[in-house]
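What follows is a short report on a single structure.
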Amino acid sequence: MIKRVRSWLNQEDSQQAHRISPDNIPHHVAIIMDGNGRWAKRRGMPRIVGHQNGMKAVKRAAIAADDLGIKILTMYAFSTENWKRPKDEVDFLMKLPQEFLAIELEELIQKNVQVRMMGHPEDLPQHTRDAMEEAVARTASNTGLVLNFALNYGSRKEITESIRALGKDIREGTLLPEDITEEMVGERLLSGDLPDPDLLIRTSGELRLSNFMLWQLAYSELWFTDIYWPEFTKEHLIEAVAEYQHRTRRYGGLS
């Protein structure tokens, strides 16, 4: 893998690519894809056009992540709070997974990508659920990049449900409160079988987490950019990884 990544980086023209070491690629990158609507508004277009172009950026990011040797890419596609948006916009957003996967699923399969979904499917329209379930099922045995969509996801709800699960164990007598550990909480989260993100990227200039992976991001490196999500390219991902590699992760200790 390192040899393949080094070869890819050597073929890139950007100065940022030459700053990257293939020996220190973040294992798990999470992205808050923000700014689709503002990107469209600045161009005098409807917000849905921004979401359509944001879908193209998803493909660019996934290809670049795979080329860089990133193992897991978690993308914040729709939050539990996004239902507050106008119904027409929500309906359109619910069609995007179906549209994206109809076009891209076969290529994802060929590229050995494993599609996952992290969220609460029970609230999604049936056509959205069907599209995601098909993609997850057809790529389940793939061993390449894990493309994890956070869809109808909210971190506070996720943590609350983890606590409820522990409470159920206590009520049933299989667990004592004093035996609860951080690992037990983490294992019951929706990302329980995945390592925590090493790097979080957020586009559009906003500097907040927006109820995204609050537990898992405790010691992640954060990288913010002013560009809107439809503008995101492999060069931006390379820039974020280059910045990541110049930081020292101490986890509360000393380097």
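The values are calculated or read from the model by the stated rules, or taken from the named source; none is laboratory data. It should be emphasised that the depicted structure is a prediction, and the values quoted were computed from it without experimental measurement. Methodologically, a virtual Cβ is constructed for each residue, glycine included, from the backbone with ideal geometry; neighbour enumeration extends over all protein chains shown.
Among the residues in segment 104-115, are any touching a helix residue (DSSP H, G or I) at 6+ places or on another chain (Cβ under 7 Å), free of Cβ contacts under 8 Å to residues at least 40 places away in the same chain and not aliphatic (A, V, I, L, M)? Checked segment 104-115: no residue is touching a helix residue (DSSP H, G or I) at 6+ places or on another chain (Cβ under 7 Å), free of Cβ contacts under 8 Å to residues at least 40 places away in the same chain and not aliphatic (A, V, I, L, M).
Checked against (1) over 30 Å from Arg42 (Cα atoms); (2) in contact (Cβ under 8 Å) with a residue 24 or more places away in the chain, Leu254 passes all but a single condition, namely (2). Scanning segment 220-255 for residues that are in a helix (DSSP H, G or I) and hydrophobic (A, V, I, L, M, F, W, C) gives Trp229, Leu237, Ile238, Ala240, Val241, Ala242.
Could we say that Glu235 is touching a residue at least 60 places away in the same chain (Cβ under 8 Å) and among the charged types (D, E, K, R) here?
So Glu235 passes the test.
Taking segment 150-178, which residues are more than 29 Å from the chain's Cα centre (by Cα), part of a helix (DSSP H, G or I) and aliphatic (A, V, I, L, M)? Passing the criteria: only Ile170. Based on this model, can you work out whether Gly144 counts as touching a residue at least 60 places away in the same chain (Cβ under 8 Å) and crowded, with 19+ Cβ neighbours inside 10 Å? Against the criterion (touching a residue at least 60 places away in the same chain (Cβ under 8 Å) and crowded, with 19+ Cβ neighbours inside 10 Å), Gly144 does not qualify. The residue list Leu217, Leu207, Leu189, Leu194 contains one member that is part of a loop (DSSP other than H, G, I, E, B), of a type in the set (A, V, I, L, M), in contact with a helix residue (DSSP H, G or I) (Cβ under 8 Å, 6 or more places away or on another chain) and at pLDDT 95 or above, which is Leu189. Taking the stated definitions as given, is Thr74 polar (S, T, N, Q), surrounded by 17 or more Cβ atoms within 10 Å (Cβ to Cβ) and either modelled with pLDDT under 95 or closer than 20 Å to Glu239 by Cβ (or both)? Criteria met by Thr74.
The set of residues in segment 117-141 that are touching a residue at least 40 places away in the same chain (Cβ under 8 Å) and either within 30 Å of Asp67 (Cβ to Cβ) or part of a strand (DSSP E or B) (or both) comprises Met118, Gly119.
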